[in-house]
Ligand SMILES: Cc1ncc(COP(=O)(O)O)c(C=O)c1O
């Protein structure tokens, strides 16, 4: 995705819902002055608009009730798990670690849905013992594991079977999951999905309640979802199972010129396709990115500006691929702006890079920024609320940034900045 080259101010719709400009041109999120947040909590800093998160959760719940499940891989901490739960969502966890965070946050186990294409024996055992609401079974090997656990303790979890519908969603290949050539799920076209249904229905170790599919992430084209629902209907309707989960994947705009359906519009597309294809099962959805992405901006401090006449200008910030690996992983585009002048024209073209020891450590390949950007400025990237903090790392032993939730003028620190001591907690010397 190539960012649009433009001198326009930052497109307002890329900012969280509750964003305002102060009388002197500064950005407020949830009533909190972003420059004051940077001064108080340091940078890099993830600033979330809490009411934006809540509103998106409610939009999903309005459409699908308790069958709207938040995909916590997008962004997870205890406060986020509680927020999604308080707004009526279930929570999709894709590992023992995500499950542990949710259980530690006090989320009832029955509100959790366990995913993963290679769940370990211990993850499955933990899920069954805790009583998670649904396990989404991904393979015959996993059914083997569930059967051997059942032999030991007799527990029978409710499960969905993840199927691969053979839909190629138009998105980056790393996040396309619905095509036949996929590591996920039971393939419909080969007959593996039908065989898995037969096996699960006969197995004493599981109670098969439905079918699940997820075609990919950052999908803008609504006909990809309609096509997936049609394939799902053909497969699932004859089975007469009570539940059908169509996954997440709704795309969000990251850069100028991009647009995406809202969660409500997406829900209508799914409902319409379900009605047209005679689906009577209870439909569920699993949005992650569309809940969390636009809720946050990341604040950085500019540390160096390196001008290479005739080549380019590098603006280096105090984070990088460790707090946002998406540009490096997928070539994803972002916008940049100065929170001290959020409506300013962005007439200069620079490359915004991080502080890691890699030439590939870039945040924005071709960023438009105001011409008066200087060392010491706070620079921000919007739409960093999903797959940023959650995909972060400690590369170069950079400390993971803190997260603040802002609402009504109050800033609540929900994840503190890591310390050097944290870096040594698992190091036995
Ligand atoms: C099974 C499953 N459900 C839901 C999601 C959430 O997708 P998104 O964040 O694009 O809505 C994912 C993301 O990879 C997924 O794998």
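Check 294, 230, 236, 274 and return the single one that is part of a helix (DSSP H, G or I) and within 14 Å of the ligand (Cβ to nearest atom). Lay out the reasoning, then the answer.
Working: 230 fails: within 14 Å of the ligand (Cβ to nearest atom); 236 fails: within 14 Å of the ligand (Cβ to nearest atom); 274 fails: within 14 Å of the ligand (Cβ to nearest atom).
Answer to the selection: 294.
Report yes if residue 373 is away from the ligand (no atom under 16 Å from the Cβ), within 21 Å of residue 253 (Cα to Cα) and assigned by TED's automatic domain parsing to the domain that holds residue 324, otherwise no.
no
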Complete set of residues in segment 69-108 that are more than 13 Å from the ligand (Cβ to nearest atom) and part of a loop (DSSP other than H, G, I, E, B): 77, 87, 88, 105, 106, 107, 108
Being over 25 Å from residue 251 (Cα atoms) and touching a helix residue (DSSP H, G or I) at 6+ places or on another chain (Cβ under 7 Å): is that true of residue 126 here? yes
Qualifying positions in segment 343-369 - surrounded by 23 or more Cβ atoms within 10 Å (Cβ to Cβ) and part of a loop (DSSP other than H, G, I, E, B): 346, 354
Under 7 Å between Cβ atoms, which residue pairs at least 6 apart in sequence (or on different chains) link something in segment 234-257 that is over 14 Å from residue 210 (Cβ atoms) and in the same structural domain as residue 336 (by TED's automatic domain parsing) with a partner that is modelled with pLDDT under 95 and away from the ligand (no atom under 16 Å from the Cβ)? none
I'm checking my understanding of the structure. Among residues of segment 191-226 that are more than 23 Å from the chain's Cα centre (by Cα) and touching a residue at least 60 places away in the same chain (Cβ under 8 Å), which one is nearest to residue 267 (Cα to Cα)? 210
Being surrounded by fewer than 16 Cβ atoms within 10 Å (Cβ to Cβ) and either within 26 Å of residue 61 (Cα to Cα) or in contact with a helix residue (DSSP H, G or I) (Cβ under 8 Å, 6 or more places away or on another chain) (or both) narrows 140, 144, 92 down to just 140
Conditions first: (1) surrounded by 16 or more Cβ atoms within 10 Å (Cβ to Cβ); (2) within 15 Å of the ligand (Cβ to nearest atom); (3) at pLDDT 95 or above. Residue 262 passes all but one, so which condition is the exception? (1)
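From 17, 24, grab the single residue that is in a loop (DSSP other than H, G, I, E, B), surrounded by fewer than 16 Cβ atoms within 10 Å (Cβ to Cβ) and away from the ligand (no atom under 13 Å from the Cβ). Quick ask: steps written out before the conclusion?
On the way: 17 fails: surrounded by fewer than 16 Cβ atoms within 10 Å (Cβ to Cβ).
Matching residue, one of 17, 24: 24.
Working carefully through the options 136, 132, 156, find the one that is within 16 Å of the ligand (Cβ to nearest atom) and part of a loop (DSSP other than H, G, I, E, B).
Numbers: 136 fails: part of a loop (DSSP other than H, G, I, E, B); 156 fails: within 16 Å of the ligand (Cβ to nearest atom).
That would be 132, the only listed residue that is within 16 Å of the ligand (Cβ to nearest atom) and part of a loop (DSSP other than H, G, I, E, B).
The values are calculated or read from the model by the stated rules, or taken from the named source; none is laboratory data. All figures in this text were calculated on a predicted structure; none of them were measured in a lab. All Cβ positions, even for glycine, are placed from backbone atoms using ideal geometry, and neighbour counts span all protein chains on display.
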